Amino acid sequence: MADTYDLVIKGGTLVNHSGIGKADIGVRGGKIAGIGNIDSADAGETIDVTGLHVLPGVVDSQVHFREPGAEHKETLAAGSRAAVLGGVTAVFEMPNTDPLTTNAGALADKVARGRAGMFCDFAFYVGATRENIAELPELERLEGSAGIKVFIGSSTGNLLVDDEESLSQVIAAINRRAAFHSEDEARLIERKAVRREGDPTSHTEWRDPEAAMISTKQLLRLAHEHGKRVHVLHISTGEEMRLLAAHKDVASVELTPQHLTLLADEAYGVLGNKAQMNPPLRDAAHQEALWWGLDQGIVDVLGSDHAPHTLEEKAQTYPASPSGMPGVQTLVPIMLDHVNKGRLTLERFVDLTSHGPQRIFGMACKGRIACGYDADFTIVDMKAERTIDDDWIASVCGWTPFAGRTVSAWPKGTVIRGRRVMWEDEILGKAGGEPVRFLEALSA
Ligand code: DOR
């Protein structure tokens with residue numbers, strides 16, 4: 001007797017650990033139940049994806065969705081709508097909200113809000129402070145926790161662990177891989193006078209490569225000292241990339257699409273303060289070194305560092321203007337355009353956005369197209385020429401640094417646990433997000 005499925009995704013080109021090839025996927029109970037040649041007569045629903053590529057669901061492991069506390073910039077509902085419109089099936093959200101996500105109550109509140117109103121699956125980072133170090137081992141294992149996030153240098157919000165003693169205690173306390181914003185606070189404070197009023201190009205001079213390097217060296221030293229795993233977010237300099245290559249036992253590495261795509265001088269010229277972010281955009285030599293790190297396999301994941309601020313906020317005179325730019329909705333089209341231009345393969349894109357997050361964060365049953373895994377798919381048209389514009393952006397902030405850019409590939413559909421949540425730029429059905437589960441906290 002033939003197997004029966006709730007859903008068959010038929011006629012597509014699958015990209016998974018086996019390579020790239022034509023195969024249908026059968027889904028039962030929200031899980032992948034068969035891969036191969038599957039007859040749609042055995043399915044409740046069939047999605048014809050002839051001519052399209054089916055990728056494992058894209059995970060964006062760094063977003064700031066601002067809820068609670070700054071809903072005028074972003075909300076969990078709007079940010080997750082942006083995610084699924086952009087082909088993203090799960091996000092890891094950052095703790096610099098108000099209140100900060102630094103205790104069990106604040107995390108549980110976010111998880112409840114996520115269940116009630118998010119369109120994609122989710123996990124929330126818990127912020128480390130000097131006060132909650134003793135609780136970190138518990139906090140990193142709670143339901144919906146993506147692990148611990150540490151700001152070694154200050155950015156938006158007031159989460160900061162900038163003294164070596166506290167940082168060392170945090171790293172000693174963690175058991176899961178923890179994520180770090182790595183810029184040296186003392187150097188940032190010392191060099192504040194480098195900033196020129198009204199001139200965002202001085203942002204890149206102020207937060208210089210040395211600030212990132214001092215902090216990343218310290219972080220790696222402490223990771224070795226305590227035998228702990230550290231995830232270094234949004235690497236922006238060639239020096240760090242070369243250093244990180246020598247520490248792959250303890251360190252995983254994230255790059256953002258914007259550091260791979262935008263160059264500081266050009267971007268400040270066109271975008272002004274919209275191009276201001278931490279760590280800053282840099283020059284072509286650094287960007288080439290980031291691509292080198294991606295080619296060499298030093299880089300583990302892409303994260304968008306989706307960090308929305310309103311146009312009014314961004315219009316303030318630098319340095320009063322806040323740092324950060326939205327990106328969860330544009331990660332897939334921007335990076336697939338790089339695929340079509342030959343800068344990375346489609347297999348490497350999948351490695352960075354699904355297999356990589358699965359491998360380094362230990363997501364349970366996510367990040368692979370394999371039987372028994374969640375039926376999360378990012379279905380893409382590798383031949384769709386489209387121009388990104390602000391009107392397409394679902395974020396509360398309503399803008400993207402990539403407005404006006406024509407790309408050669410587009411997310412056509414987003415399927416999460418067997419539910420089609422986006423098709424051809426339309427969101428289907430109600431919010432149905434669930435917490436991502438992790439191998440190191442299966443009892444959560
Ligand atoms: O530019 C940034 N903005 N970098 C960060 O690390 C934080 C983010 C934000 O939350 O606005």
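Mean projected area of the convex hull spanned by the Cα atoms of segment 43-190, taken over all viewing directions: 11.4 nm². For the chain, carbon and sulfur atoms together expose 48% of the accessible surface, with a 1.4 angstrom probe and every protein chain in place.
For segment 1-122, relative contact order (Cα pairs under 8 Å, six or more residues apart, normalised by length) works out to 22 percent. Highest-first packing order for the peptide set 256-265, 70-79 is 70-79, 256-265, based on the mean count of other beta carbon atoms within 10 Å.
Using r as the Cβ-Cβ distance of Lys430 and Thr345, and R0 as 41 Å, what FRET efficiency do you calculate, to the nearest 0.05? So the FRET efficiency works out to roughly 0.70. Summarising the overall dimensions of the chain from its C-alpha atoms, the Rg and Dmax are 20.7, 75 angstrom.
For the chain, the longest principal axis of the C-alpha atoms and the axis of helix 284-295 are separated by about 40°. Share of pairwise Cα-Cα distances greater than 15 Å in segment 354-421 is 66 percent (whole percent).
Quick one: angle between helix 104-117 and the longest Cα principal axis of the chain, in degrees between 0 and 90, rounded to 10, please. Orientation of helix 104-117: about 40 degrees from the principal axis. For a straight C-alpha distance cut-off of 18 angstrom, the aspartates and glutamates reachable from Lys192 (same-chain residues fewer than eight places away being disregarded) are Asp162, Glu183, Asp184, Glu205, Asp208, Glu210. For Lys149, the amide hydrogen comes within under 5 Å of the amide hydrogens of Val126, Gly127, Ala128, Ala179, counting only partners 5 or more places away or on other chains and with H modelled in the peptide plane. For segment 13-56, pairs of C-alpha atoms spaced more than 14 angstrom apart make up 48 percent of the total. With each label modelled as a point 7 angstrom along the Cα→C-beta vector, the Ala186-Glu135 pair spans 3.0 nm.
Extending 7 Å from Cα along the Cβ direction at Cys371 and again at Glu205 yields two label points whose distance is 6.2 nm. Excluding Thr414 itself, what net charge comes from residues whose Cβ is under 15 Å from its Cβ, given Lys and Arg +1 and Asp and Glu -1? Net of charged neighbours comes to -2. Helix 164-173 axis versus longest C-alpha principal axis of the chain: approximately 30°, rounded to the nearest ten.
What residue among Gln218, Gln296, Gln169 shows peak mean-square fluctuation when the chain is described by a Gaussian network model with Cα springs under 10 Å? Of Gln218, Gln296, Gln169, the most mobile in the Gaussian network model is Gln296. Computed over the chain with a Gaussian network model linking Cα atoms closer than 10 Å, the most mobile of Leu107, Leu167, Leu243 is Leu243. Taking each DSSP H run with n ≥ 4 as -39500 (n - 2.57) and averaging over every residue of the chain yields -8000 deg cm²/dmol at 222 nm. In segment 129-229, Rg over Rh equals 1.03, where Rg is the alpha-carbon radius of gyration and Rh the Kirkwood radius from pairwise Cα distances. Solvent-accessible area per residue in the chain equals 35 Å², computed with a 1.4 angstrom probe and all protein chains kept. Size of segment 235-348 from its Cα atoms: along the principal axes, largest to smallest, the extents are 42, 29, 23 Å.
Within segment 245-312, the percentage of alpha carbon pairs spaced more than 15 angstrom apart rounds to 57%.
Taking a quarter of the surface of the convex hull around the Cα atoms of segment 210-255, what do you get in nm²?
Dividing the Cα hull surface by four gives the mean projection, 2.7 nm².
The stretch between Glu45 and Asp295 holds 86.1 nm of extra length on full extension. This uses 0.36 nm per residue minus the Cα-Cα distance.
The values are calculated or read from the model by the stated rules, or taken from the named source; none is laboratory data. As the structure is a prediction and not an experimental result, all values here were calculated from the model. Heads up, the Cβs are rebuilt from the backbone with ideal geometry, glycines too, and the neighbour counts pull from every protein chain shown. Just the protein is used for accessible areas: all its heavy atoms, side chains included, with ligands, DNA and RNA removed. Shrake-Rupley method; radii C 1.70, N 1.55, O 1.52, S 1.80 Å.
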